[in-house]
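What follows is one structure encoded as structure tokens, with my remarks underneath.
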Amino acid sequence: MVIEKDIWTALEAVMDPEIPVLSVVDLGIITDVSMDGSRASVKMTPTFSGCPAIKLMEKQVHDAVKALGFEEVAVETNFDVQWNTDRISAKGKEIIKNFGLAPPPQHNGNIDMNQLAHTACPHCDSENTTMKSPFGPTLCRSLHYCFDCLQAFEAFKPI
Amino acid sequence: MQDNIKQPLQQFILQLADNLLVMGHRNSEWTGLGPIIEEDIAFASIAQDQVGQAWNLYQLLESEFGFAHPDQVAFTRNEKEFYSSHLVEQPTGEYDFSLARHYLYDLAQLIRYEMLSRSSYEPLAKLAKKFHGEVKYHVFHAQTWMKQLMDGNEVSKARMQSAVNDVFPFAMGVFESVDGEEALIAEGIFEGESALKDAWMQQVGAQLLEWGYSLPQLAQPVLGGGKGYHSEYLQPLLDEMGEVFRLDPSAEW
């Protein structure tokens with residue numbers, strides 16, 4: 001007998017294609033999970049409005065839940081809940097750091113752009129850093145440089 | 001929804017989306033050509049946000065107002081049916097022009113989304129809240145370079161001042177109200193182009209002066225785009241943008 005918790009567990013195996021060690025659950029884009037007999041429903045919210053991976057993630061979410069034995073799985077993406085980086089779990093932030101990206105700080109709705117200039121280096125934890133550009137290889141990343149370990153690094157920027 | 005609200009509301013959303021799509025297309029033209037690689041990436045990323053925002057607005061028009069699929073709406077209309085401003089259709093020009101346009105346009109977008117996030121029309125308010133977080137980074141990026149280049153040498157100062165002067169009348173043309181706007185204001189859907197323009201002028205003025213720019217002469221805004229009247233630059237852009245789609249409009253992507 002499948003219960004709602006099993007759906008969440010299945011979703012923990014669906015990874016963000018751009019950070020393939022971070023699950024959609026830890027990323028915080030799953031906003032609602034429900035089931036009714038042989039039907040399951042999952043709601044998602046995109047990280048960015050121009051996120052090119054959302055269709056792929058919808059399909060992967062659908063397939064992962066379907067594999068639990070549901071006859072019908074409805075996956076819907078909407079903006080009822082607006083994603084922000086505070087929705088990333090503590091475990092997710094740890095994963096992001098181990099992946100080599102500076103994790104986004106908890107901001108509670110107040111993002112101070114000037115603070116980004118001193119984002120802590122994910123390699124040596126120094127705050128003696130500078131931001132080279134607020135835009136990086138994907139929409140969610142910015143480019144930085146650490147003056148202490150002399151490494152360029154990327155950050156998952158706070159949104 | 002009553003017709004006297006529905007009409008201006010759908011036109012307002014369409015105009016907003018058209019501006020974003022054309023601006024996004026122009027910004028994407030910097031891909032591979034930026035003066036430094038970080039700027040190449042920045043303009044490409046901003047373009048991606050803008051095309052994404054446009055797509056979500058076209059989708060809102062499809063789901064709530066009975067429009068065709070976003071791809072159809074984006075790629076099959078000609079210039080007469082496009083309601084974007086003259087600002088966004090101007091060629092990218094040199095980097096100074098593109099930067100000044102990016103600053104003036106995105107600051108207006110930031111304030112527009114702030115206003116719309118309070119809109120009584122909830123589907124639009126939700127999108128505006130989302131877009132606002134993205135545009136914060138656009139404005140931050142634009143401000144960094146606007147400031148830095150006015151802090152550079154005589155060449156960079158002169159070029160940036162002249163770019164701001166050139167772009168300004170076009171930028172003022174972004175605030176073109178739709179017919180029946182008063183109904184949107186009365187319903188608490190949008191505070192109006194005139195209120196938006198006042199807030200924008202105040203911020204632009206204060207920021208330009210702080211960075212050492214002279215305020216551009218107040219010229220007549222370049223209007224008409226919102227009514228489907230365009231310069232010679234839009235139709236070639238639309239031809240290029242929709243070229244692949246129109247080869248086979250029914251193709252599955």
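The values are calculated or read from the model by the stated rules, or taken from the named source; none is laboratory data. The structure displayed is predicted, hence computed values, not measured ones. Every residue, glycine among them, receives a Cβ derived from its backbone with ideal geometry; neighbour counts consider all protein chains shown.
Could you tell me whether segment B:162-170 includes any residue that is farther than 30 Å from B:GLY188 by Cα and free of Cβ contacts under 8 Å to residues at least 24 places away in the same chain?
Looking for residues that are farther than 30 Å from B:GLY188 by Cα and free of Cβ contacts under 8 Å to residues at least 24 places away in the same chain, one finds none in segment B:162-170, hence no.
If a residue counts only when it is within 21 Å of A:ASN98 (Cα to Cα), which helices (runs of 4 or more DSSP H) contained entirely in segment A:1-73 have at least 2 such residues?
A:24-27
Quick check on this structure: which one of B:VAL178, B:VAL155, B:VAL174 is farther than 21 Å from A:PHE135 by Cβ and touching a Lys or Arg at 6+ places or on another chain (Cβ under 9 Å)? Before the answer, list the steps.
Values: B:VAL178 fails: touching a Lys or Arg at 6+ places or on another chain (Cβ under 9 Å); B:VAL155 fails: touching a Lys or Arg at 6+ places or on another chain (Cβ under 9 Å).
Being farther than 21 Å from A:PHE135 by Cβ and touching a Lys or Arg at 6+ places or on another chain (Cβ under 9 Å) holds for just one of B:VAL178, B:VAL155, B:VAL174, which is B:VAL174.
Could you identify the single residue in A:ILE111, A:ILE96 that is of a type outside the set (Phe, Trp, Tyr), at pLDDT 95 or above and surrounded by 14 or more Cβ atoms within 10 Å (Cβ to Cβ)?
None of the other options fit; the residue is A:ILE96.
Could you list, in sequence order, the residues of segment A:125-158 that are of a type in the set (Val, Ile, Thr) and in contact (Cβ under 8 Å) with a residue 60 or more places away in the chain?
A:THR138
Considering only residues that are away from every other protein chain (no Cβ under 14 Å) and in a strand (DSSP E or B), look in segment A:74-93 and name the one that is nearest to A:THR31 (Cα to Cα).
Per the stated criteria, the residue is A:VAL75.
Of all residues in segment B:230-253, count the ones that are loosely packed, with under 13 Cβ neighbours inside 10 Å and in a loop (DSSP other than H, G, I, E, B). Outline the logic, then answer.
First pass over segment B:230-253, keeping only residues loosely packed, with under 13 Cβ neighbours inside 10 Å: B:232, B:236, B:239-240, B:243-244, B:246-253.
After this cut, where a residue has to be in a loop (DSSP other than H, G, I, E, B) as well, the list is B:232, B:248-253.
Looking only at that region, the number is 7.
So which residues in segment A:123-140 are farther than 17 Å from B:ALA142 by Cα, crowded, with 19+ Cβ neighbours inside 10 Å and at pLDDT below 95?
The answer is A:THR138, A:CYS140.
Quick check on segment B:27-41. Is at least one of its residues under 18 Å from the mean Cα position of the chain (by Cα), within 13 Å of another protein chain (Cβ to nearest Cβ) and within 23 Å of B:MET172 (Cβ to Cβ)?
yes
How many residues, within segment A:116-157, are over 21 Å from the mean Cα position of the chain (by Cα), part of a strand (DSSP E or B) and within 14 Å of chain B (Cβ to nearest Cβ)?
So in segment A:116-157, the residues over 21 Å from the mean Cα position of the chain (by Cα) come out as A:117-118, A:124-132, A:145-152.
Okay, now just the ones that are also part of a strand (DSSP E or B), so A:129-132, A:145-146, A:152.
Within this subset, residues satisfying the condition of being within 14 Å of chain B (Cβ to nearest Cβ) are A:130-132, A:145, A:152.
Residues meeting the conditions: 5.
Among the residues of segment A:51-59, is there at least one that is surrounded by 14 or more Cβ atoms within 10 Å (Cβ to Cβ), touching a Pro at 6+ places or on another chain (Cβ under 9 Å), within 14 Å of another protein chain (Cβ to nearest Cβ) and more than 30 Å from B:SER63 (Cβ to Cβ)?
no
Which ones in segment B:163-182 are of a type in the set (Val, Ile, Thr) and either under 20 Å from B:GLN203 (Cβ atoms) or touching a strand residue (DSSP E or B) at 6+ places or on another chain (Cβ under 9 Å) (or both)?
Start the filter on segment B:163-182 by keeping residues that are of a type in the set (Val, Ile, Thr), which leaves B:164, B:167, B:174, B:178.
If the condition is that a residue be of a type in the set (Val, Ile, Thr) and either under 20 Å from B:GLN203 (Cβ atoms) or touching a strand residue (DSSP E or B) at 6+ places or on another chain (Cβ under 9 Å) (or both), then B:VAL164, B:VAL167, B:VAL174 are the ones that fit.
Given the criteria closer than 23 Å to B:PHE170 by Cβ, within 13 Å of another protein chain (Cβ to nearest Cβ) and surrounded by fewer than 23 Cβ atoms within 10 Å (Cβ to Cβ), does B:GLY93 qualify?
no
Show me the helices (runs of 4 or more DSSP H) found entirely inside segment B:1-97 where at least 2 residues are among the small types (Gly, Ala, Ser) and at pLDDT 95 or above.
Ranges flagged: B:3-28, B:37-65.
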